[in-house]
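Everything below concerns the one structure shown next.
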Amino acid sequence: MPHPESDSWFARARAVTPGGVNSPVRAFAAVGGTPRFMASGEGAWLRDVDGNEYVDLVCSWGPMLLGHAHPDVVAAVGAAVARGTSYGTPTTTEVELAEEIVARTPVERVRLVSSGTEATMSAIRLARGFTGRDLVVKFAGCYHGHVDSLLASAGSGLATFGVSTTPGVPESSAAQTLVLPYNDRNAVETAFAEHGERIACLITEASPGNMGVVPPAPGFNAFLAETCRRHGALFVSDEVMTGFRVSRSGQWGVDGAVEGWTPDLMTFGKVMGGGFPAAAFGGRADVMAMLSPEGPVYQAGTLSGNPVATAAGLTTLRLATDEVYARVDEVARTIASAATEALTAAGVPHLLQANGNMFSIFFTDAPAVPDYATAALQDAGAFRAFFHAMLDRGVYLPPSAFEAWFCSAAHDERAVQHVLDALPAAAQAAAGAGA
Ligand SMILES: Cc1ncc(COP(=O)(O)O)c(C=O)c1O
């Protein structure tokens, strides 16, 4: 599909913004080509500045559970805007949004913030303040936003301290972080055996989606919760991506609620903001009581609990009924199984991994992808060809092989069929490009 307007806007963007984008993955660096500048979205569809239309399987990286421009969300936002966009005072909508979060999850108290990064950063500060300890445990391949201490990768060997993954993060900050392989109980046991008394918290994606979809092995989150409890560390479950998406209670609704454990702290974002900058962290009342102004751990935000963002989030959550989740799950199942059928028919080695309505396809011949080291062994060339063939046929996939595909309740039969029709040719393209 021709895209001269996107080309021209990308050139203008690069003249004024590093890489031409405001978040790196949007630049198409992993797949090449010009990122499409989107002009509007409606339901399952995006339209770019050249007038090309795409079925959206990114959904703003998760938030758009109801699809784009849902009429009730648009109306709630319009009404909120008309009442003024920010007061810097308490408002009733932020209380109602907090109540909705408390009703759906095990958290007892919530603090609203503006981004997932802010939520995880604040949760970690709170965990350190509460425990009086400094070390943080995380898993390789789990992304928690661009917080200094969480931009660390594994040092050499198990239970050693992290090294920073980017210039600008002091080694002293990365050295406060232990980075372990995901789904590896032995690594967790070893780290806690050696450093348990110094560990403030363990943070994990409740079900990782940032290395592609790599679900926790059965019982893994329960094991993490129990290990933290035994060592007096807090268990921080990052549900920025999974929260209010994989079920009405997020990933906790899938495992914790069934198995009978609760995280000490949780972080949320994406769906709960309804497409606006709103996020949250919350948890045990005694831990949250350490937070300013009730306690000594400082945290604040000019736009925290913004009335327009909370109106969008509250309306979205109230509309996120069991029927909505059933529809999103069904759409995901249909697209995922058609994708794997098309790739199988074309002889492309691949692996589908799913956690409810979040799924991704690894271009690999590995029988399972339990961690980042395995996820990293993908055939990037095959994904690149597959991605561009889908894009040319009007399907907007995440422009990286290490991302989850997201659908919405607005993906109706026409949108789903459009994706299914594009798959065989894209699978052939991947077959032609594979290693
Ligand atoms: C699990 C997880 N945590 C935290 C974040 C950071 O959120 P934000 O991009 O809103 O800062 C993300 C973003 O994708 C995420 O997926």
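With a Förster radius of 41 Å applied to the beta-carbon distance between residue 344 and residue 89, the computed FRET efficiency rounds to 0.10. Of the trypsin sites (Lys or Arg not before Pro) found in the stretch 59-152, those that fall in a DSSP loop while having at most 14 other beta-carbon atoms within 10 Å are 83.
Scanning the chain for GluC sites (Glu not before Pro) in DSSP loops with at most 16 neighbouring Cβ atoms within 10 Å leaves 109-293 as the longest stretch between them. Counting only chymotrypsin sites (Phe, Trp or Tyr not before Pro) that sit in a DSSP loop (anything but H, G, I, E, B) with at most 16 other Cβ atoms within 10 Å, what is the longest stretch of the chain containing none of them? Of all site-free stretches, the longest is 88-297. Between residue 99 and residue 53, the contour length at 0.36 nm per residue exceeds the alpha carbon distance by 12.8 nm. Close amide H pairs (under 5 Å, H built 1.01 Å from N) link residue 66 with 409, residues at least 5 positions away or on another chain.
A Förster distance of 51 Å, applied to the separation of the beta-carbon atoms of residue 326 and residue 166, puts the FRET efficiency at 0.80. For the chain, the relative contact order is 21 percent, taking Cα pairs closer than 8 Å that sit 6 or more residues apart in sequence and dividing their mean separation by the residue count. The charge dipole of the chain, taken about its Cα centre with unit charges on the Cβ atoms of Lys, Arg (+1), Asp and Glu (-1) only, comes to about 640 debye. A simple charge model with +1 on the Cβ of Lys and Arg, -1 on the Cβ of Asp and Glu and nothing else charged puts the dipole of the stretch 137-286 at about 280 debye relative to its Cα centre.
For the peptides 424-432, 62-70, the ranking by packing is 62-70, 424-432, with the highest mean count of neighbouring Cβ atoms within 10 Å listed first. Extension gain, residue 365 to residue 186: 0.36 nm times the residue separation minus the Cα-Cα distance gives 61.9 nm. What separates the Cα centres of the stretch 7-24 and the stretch 291-352 is a distance of 27 Å. Where both bridge residues fall in the chain, DSSP classifies roughly 55% of the beta bridges as antiparallel. Computed from the C-beta positions of residue 7 and residue 352 and an R0 of 25 Å, the FRET efficiency is 0.15 to the nearest 0.05. Counting only protein heavy atoms and a 1.4 Å probe, the chain has 40 square angstrom of accessible area per residue.
Using a probe of 1.4 angstrom, how much of the accessible area of the chain is carbon and sulfur, in percent? Of the solvent-accessible surface of the chain, carbon and sulfur hold 55 percent.
The values are calculated or read from the model by the stated rules, or taken from the named source; none is laboratory data. Fair warning: this is a prediction, and the values are worked out from it, not measured in the lab. Because the Cβ atoms are built from the backbone with ideal geometry, glycine has one as well, and the counts that use them run over all protein chains shown. Surface areas here come from the heavy atoms of the whole protein model, side chains and all, with no ligands, DNA or RNA. Shrake-Rupley method; radii C 1.70, N 1.55, O 1.52, S 1.80 Å.
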